[in-house]
Amino acid sequence: MAADASTEITELTVDDHACLTFGETEELFDLTAAFVRDGLDAGLKVVWLSDAGPGPAVTELSLRGIKVKPAMDAGQMTAAGCEGRLLSGQVFKADAAIGWLTRQAVSSRELGFPGLRIAVDMGWALRPVTGIEQLPQFEEGIAAALAGTTASVLCQYDRDRFDPVTLASVAAFHTRSVATASYYADAVLRICRQYAPPGIRIAGEIDYLAEEPLTLALSEAVRLDGDVTVNMSALAFIDGFCTRMIADTARMLAESRTVILQCLPEVAAGFARLGLDGLPGIRLVTAREQ
């Protein structure tokens, strides 16, 4: 069994025009946080366009350990809406949007940044926008806009909201396909890699029948460098077997690294009963607790 992302978000480089498809908001924020984090760490200018606007974007990225506020204060990062950039009064023109991208690349270079990363949540294209039929033209034009630059663009599409025809029509214009590396996914349970902060994410309900994919996910967590987060903030039920599996892994990792077990209070109670609460090297926190 292997993780199933075509390209890891951490593998994106200069000149990439990548298509990120996601199925959950948590997934979108996690992957975007990794894209932003790696860009900031490399000293690049980073821009995230989202319908959510700067407030929610800053909050979500900060929760994932990204130092957004200092980067924004220093002019290294911008979080903004699509209006006035890709859109003008709910009117979309591919040439104008490409022109904005081109100006961003030129501006970042003039400001002395070694490169530029732009993440674009394409949710705006689901609204009744004039000129939306130019979306394929926009995606095709990005390649020409990136040529000869040190810029990369990550286009983000919700695979549950965009129809298959639209997704297929824009896929060919991207150089990379990005998705969360998943170990298991069905209507009840999802186990996938988490990128920011590094670790794994478990959502839904899990019991002993998921031993194989959970073992795979935990094994990969062991191979990671640095601290490890097991994000169970969306896990409603876990049986004793899986609780012990995660607890045993946490104890082993805590000998040399910090392990953060992020979960709902009722799930945290199970780990506390196994003696993990207050154990050196292990942080047992409820969902969203910092």
Problem - Residues with amide H under 5 Å from that of T130, placed H, sequence gap 5 or more - result: F92
Handout entry: the chain: antiparallel DSSP beta bridges as a percent of all, rounded to 5
Key = 20
Exercise for the section: Project the alpha carbons of the stretch 53-161 onto their principal axes and report the range along each, largest first, in whole Å. Expected result: 38, 33, 25
Exercise for the section: With mean projected area of the Cα convex hull in nm² defined as stated, name the option among [x] 19.1; [y] 15.3; [z] 17.1 computed from the structure displayed. Expected result: [y]
Completion exercise
One point scatterer per Cα, no solvent, Debye formula: log10 I(q)/I(0) for the stretch 147-195 at q = 0.22, 0.31 Å⁻¹ comes out as -1.01, -1.18
Fill in the blank from the handout: Rounded to whole Å², per residue accessible area for the stretch 151-194 with a 1.4 Å probe reads 43
Problem - Long-range amide H partners of I282 with built H, under 5 Å - result: V259
Practice task
Express the carbon and sulfur contribution to the solvent-accessible surface of the stretch 126-188 as a percent, rounded to the nearest whole number, probe 1.4 angstrom.
Solution key: 58
Practice task
Over the stretch 33-79, give the accessible area per residue in Å² for a 1.4 Å probe, as an integer.
Solution key: 38
Exercise for the section: State the percentage of accessible surface on the stretch 231-289 attributable to carbon and sulfur atoms; use a 1.4 Å probe and exclude ligands, DNA and RNA. Expected result: 55
Problem - Carbon/sulfur fraction of accessible area - the stretch 1-101, other protein chains in place, 1.4 Å, % - result: 53
Handout entry: Relative contact order computed over the chain (Cα-Cα under 8 Å; 6+ residues apart), in percent
Key = 20
Practice task
Pull up all non-local amide H partners of M77: gap of 5 or more, or a different chain, and H-to-H distance under 5 Å with H placed in the peptide plane.
Solution key: V46, M72
Problem - Percent RCO, i.e. relative contact order, over the stretch 125-258, from Cα pairs under 8 Å lying at least 6 residues apart - result: 17
Practice task
As a check on your grasp of the helix formula, calculate [θ] at 222 nm for the chain: sum -39500 (n - 2.57) over DSSP H runs of n ≥ 4, divide by the residue count, round to the nearest 500.
Solution key: -11500 deg cm²/dmol
Handout entry: Förster radius 25 Å - calculated FRET efficiency between R161 and A80 (Cβ-Cβ, nearest 0.05)
Key = 0.70
Practice task
Rounded to the nearest Å, what's the spacing between the alpha carbon centres of the stretch 97-161 and the stretch 229-268? Just the number, please.
Solution key: 39
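The values are calculated or read from the model by the stated rules, or taken from the named source; none is laboratory data. Only a predicted model underlies this, so the values are computations on that prediction, with no experimental measurement involved. So basically every Cβ, Gly included, is an ideal-geometry build from the backbone, and we count neighbours across all protein chains shown. The area values use the complete protein model at the heavy-atom level, side chains included, leaving out ligands, DNA and RNA. Shrake-Rupley method; radii C 1.70, N 1.55, O 1.52, S 1.80 Å.
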